[in-house]
Amino acid sequence: MGTDARARERLGDWFFQGTRPSAAYAGPHQRPDRTERTHPWWKVMCLTGVDYFSTLGYQPGIAILAAGLLSPMATLVLVLVTLCGALPVYRWVAAVSPRGAGSIHMLERLLPRWTGKITVLVLLGFTCTDFVITITLSSADAAVHIVENPYLPDGASRWQFWVTMGLLLLLAAVFLGGFSEAIKVALVLVPLYLLVNLVVVAGGLVRILQSPELFSNWWSAAMTSHSSPLAAVAVALLVFPKLALGLSGFETGVAVMPQLDGHRREHRDGRKRRQPAATSIRAKVAGAHRLLTTSALIMAFFLMTTSFICTVLIPAAALEGGGAANGRALAYLAHDMFGEVFGTVYDASTVLILWFAGASAMAGMLNLIPRYLPRYGMAPEWTRATRPLVVAVLSAAVIVTWIFGASVDAQGNAYATGVLALITSAAVAVTLSARSHGRRKTSMAFGAVALVFVYTFVDNIITRPDGLHIALVFVTVLLTVSFASRVWRASELRVNQIEWDDRALAWIGETTGRTVRLIAQRPEAVRAVDYSRKLLDEWRWHGLMDGPEVLFVEVNVRDPSDFEDDLKVCAREVDGYRVLHVDGSSVATCLAALALDIGERTGRVAHVYVEWSSGAAALNHIRFLLFGRGQTATTLHEVLRRTVHDDDVRPVVHVM
């Protein structure tokens with residue numbers, strides 16, 4: 001092998017080698033069993049705040065462009081929807097899904113079979129839209145804060161697109177090398193960012209108090225542009241969906257619950273008491289409620305105050321495309337009120353938290369896909385490694401950035417679509433959950449909240465369809481790849497473990513050293529005559545005689561949309577015929593698993609007797625994929641062939 005070939009082989013091994021277990025990145029959607037350490041709720045709030053609070057970098061300017069002089073009123077509506085709608089919804093989500101799976105997992109449990117799984121795949125498409133545009137929007141706005149800094153030469157704004165691309169490549173490079181997001185970093189960034197924003201807010205309010213005419217001029221202009229104050233309020237209600245970026249942090253707030261401390265109190269020496277599982281879960285839920293409520297109140301304060309000072313103090317022309325405040329409204333005020341040194345500090349803190357928000361979104365993507373797709377049998381082999389996923393996310397981010405020209409304003413429209421899709425699905429999930437818990441009045445209240453979010457979502461996709469177009473691309477790609485993978489992996493042995501009851505084990509023990517013969521029988525058989533007829537058919541075709549080694553197997557297909565099974569085998573006797581009953585997701589894989597396990601227990605190759613499926617082969621294969629039945633003989637043989645490569649030890653399949 002030449003030097004170039006060895007180098008390519010080493011590169012391929014490095015690229016497809018997973019750098020860490022799946023869903024193990026510290027961040028949103030980390031699996032509970034992958035969480036190495038837990039933290040108090042206020043520390044974890046800083047991790048969620050990286051995503052939530054960083055939207056202050058662009059939210060005020062986008063709000064003014066969307067609502068104009070009525071931005072503070074529209075923001076007030078947004079805050080009321082946040083505190084009275086989104087917050088109660090996600091407090092319920094945290095209580096019902098304390099392991100951090102969030103509203104997506106709630107819908108999966110509430111909706112049956114394929115309906116639930118397809119719903120999850122569609123929501124994953126919108127979630128991918130949310131995460132990818134978080135990465136691109138954060139990078140684009142960070143680039144704006146870099147190139148608009150006064151210490152850079154004139155004309156630096158022309159570099160904004162390429163600076164954005166550079167930040168994306170830097171983000172991917174860090175993850176390709178193996179990134180572990182640390183709460184310690186968030187504990188520094190988030191308080192620093194909130195502090196500099198608080199300074200800007202305080203400075204803006206002081207300036208308005210010192211110059212009351214600023215407020216008077218704004219109020220007069222806002223009221224004279226509408227026929228009456230009620231008309232202004234009505235317009236604010238209509239335009240508030242365009243401000244939906246301010247709702248972005250709630251799904252992340254419940255996704256990080258595995259990292260919440262489950263301990264209620266400590267010893268005096270600081271050692272944590274061991275808590276029962278139920279107490280630990282209650283403590284996590286209580287911590288999540290504090291996290292969600294506190295972060296919502298903090299964000300509500302900053303949304304209202306920043307919207308107010310930016311609307312009153314910044315000239316409208318400066319917020320338009322190409323203006324000095326476009327994409328950096330608060331940074332504009334920081335430079336204007338406190339000078340270039342503090343303004344540069346503000347720019348630096350904003351760039352850092354925006355880049356870190358992109359890192360949080362990347363970690364969320366790398367955690368989210370392994371939490372669902374492998375369980376559905378819908379994950380291609382390359383998704384088991386981290387680096388191919390990083391490259392896939394980077395490719396999507398580069399394409400999105402190119403489509404929008406790294407524009408903060410344009411991407412804000414698309415970002416709102418992903419955010420609203422998740423919140424709307426959460427509201428629907430909570431409504432169904434409350435109804436299933438017998439909480440009728442609560443369910444009606446959540447239903448009203450769900451209608452508000454449905455209106456907001458529909459309004460957003462009608463007025464700004466770019467986000468829907470991108471989301472549909474993600475949904476289409478995800479559905480296509482997922483179902484192609486499911487078809488490809490359909491003939492895998494999808495059984496994790498088998499549990500036999502005592503009678504079944506006794507029967508297997510009696511046949512040690514002899515060949516066990518399994519006859520597949522439909523579970524509808526309840527009379528002895530059904531088994532005798534089946535045995536007679538097998539005698540005619542294969543000369544099979546009754547005996548203790550002959551076992552009938554009934555497979556009840558419970559949920560064919562499941563991919564993996566934990567089988568529990570129950571034995572019963574019907575007028576001398578020995579019958580094994582098992583529930584699973586498909587007939588063929590259950591038969592294969594039983595035959596292999598029996599062969600290991602008895603030391604002899606098991607034989608399985610099945611019938612050909614009537615009808616067209618293609619239709620039978622579709623029946624097997626969707627309903628777990630059909631094409632049993634050929635699928636059983638293929639499952640065994642892929643599992644056992646040695647013909648001499650592979651179970652034998654007889655077909656009639």
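Every read-out reported here was derived from the displayed coordinates using simple, explicitly stated rules and does not represent laboratory data. This one's a predicted model, so the numbers in the text were calculated from it and none came from an experiment. Quick reminder, even Gly has a Cβ in these numbers, built from the backbone with ideal geometry, and neighbours come from all protein chains shown.
Computed from backbone phi with θ = phi - 60° and the Karplus coefficients 6.51, -1.76 and 1.60, the 3J(HN,Hα) list for the stretch 477-486 is 4, 5, 5, 5, 5, 5, 6, 5, 5, 5 Hz; x is used for glycine and proline. Extending 7 Å from Cα along the Cβ direction at Asp646 and again at Val174 yields two label points whose distance is 5.1 nm. Fewest neighbouring Cβ atoms within 10 Å first, the residues Cys46, Cys570, Cys590 line up as Cys570, Cys46, Cys590.
Close amide H partners of Tyr609, meaning residues 5 or more places away or on another chain with modelled amide H under 5 Å apart, are Leu518, Ile519, Ala520, His654. Stretching Arg99 away from His437 to a fully extended chain increases their span by 119.8 nm, per 0.36 nm per residue minus the current alpha-carbon distance. Taking a point 7 Å out from the Cα of Asp546 in the direction of its Cβ, the residues of the stretch 514-539 whose backbone N falls within less than 18 Å of it are 517-522, 525-539. Modelled this way, with points 7 Å down the Cα-to-C-beta line, the labels at Leu83 and Thr476 are 4.3 nm from one another. Kirkwood-type hydrodynamic radius, the stretch 558-656: 14.4 Å, calculated from all non-identical alpha-carbon pairs. Label zone of Ile118 (point 7 Å out along Cα→Cβ, amide N under 20 Å): in the stretch 432-472 this covers 471-472. Residues whose amide H comes within less than 5 Å of that of His39, counting only those at least five positions distant or on another chain, are Leu260, Asp261 (H built at 1.01 Å from N in the peptide plane).
Let me make sure I get this right: for the stretch 103-161, a, b and c are the square roots of the gyration tensor eigenvalues over alpha carbons, sorted descending. Under 1.5 in a/c it's rounded, otherwise prolate if a/b > b/c, else oblate. Which is it? Walk me through the numbers before you get to the answer.
Numbers: a/c = 11.17, a/b = 4.97, b/c = 2.25.
Prolate is the answer for the stretch 103-161, as a/c is 1.5 or above and a/b outweighs b/c.
Let's test the formula: R0 of 41 Å, r as the Cβ-Cβ distance of Trp402 and Gln497. What FRET efficiency results, to the nearest 0.05?
So, using R0 = 41 Å, E works out to roughly 0.30.
If R0 is 30 Å, the Cβ-Cβ spacing of Asp154 and Ala316 corresponds to a FRET efficiency of close to 0.80.
So how strong a dipole does the stretch 280-432 carry about its Cα centre when Lys and Arg Cβ are +1 and Asp and Glu Cβ are -1, to the nearest 20 debye?
Values: 8 positive and 6 negative charges, 194 e Å.
Here the size comes out at about 940 debye.
Ranking of Arg440, Arg517, Arg642, Arg494 by neighbouring Cβ atoms within 10 Å, starting from the fewest: Arg440, Arg642, Arg494, Arg517. When only Cα pairs below 8 angstrom with a gap of at least 6 residues are kept, the stretch 540-656 shows a relative contact order of 26 percent. Shape class for the stretch 289-329: prolate, because the ratio a/c of the largest to smallest gyration tensor axis (alpha-carbon atoms, square roots of eigenvalues) is 1.5 or more and a/b beats b/c.
In this structure, the residue pairs whose Cα-Cα separation is over 32 Å, taken from Lys117/Lys441; Lys43/Lys117; Lys534/Lys568; Lys117/Lys568; Lys43/Lys441, are Lys43/Lys117; Lys43/Lys441. 3J(HN,Hα) along the stretch 607-617: 10, 10, 10, 9, 10, 5, 7, 6, x, 5, 4 Hz, from the Karplus curve 6.51 cos²θ - 1.76 cosθ + 1.60 with θ = phi - 60°, whole Hz, x for Gly and Pro. Farthest towards the positive end of the charge dipole of the stretch 495-655, among the residues Gly603, Thr632, Leu505, is the Cα of Thr632, using unit charges on the Cβ of Lys, Arg, Asp and Glu.
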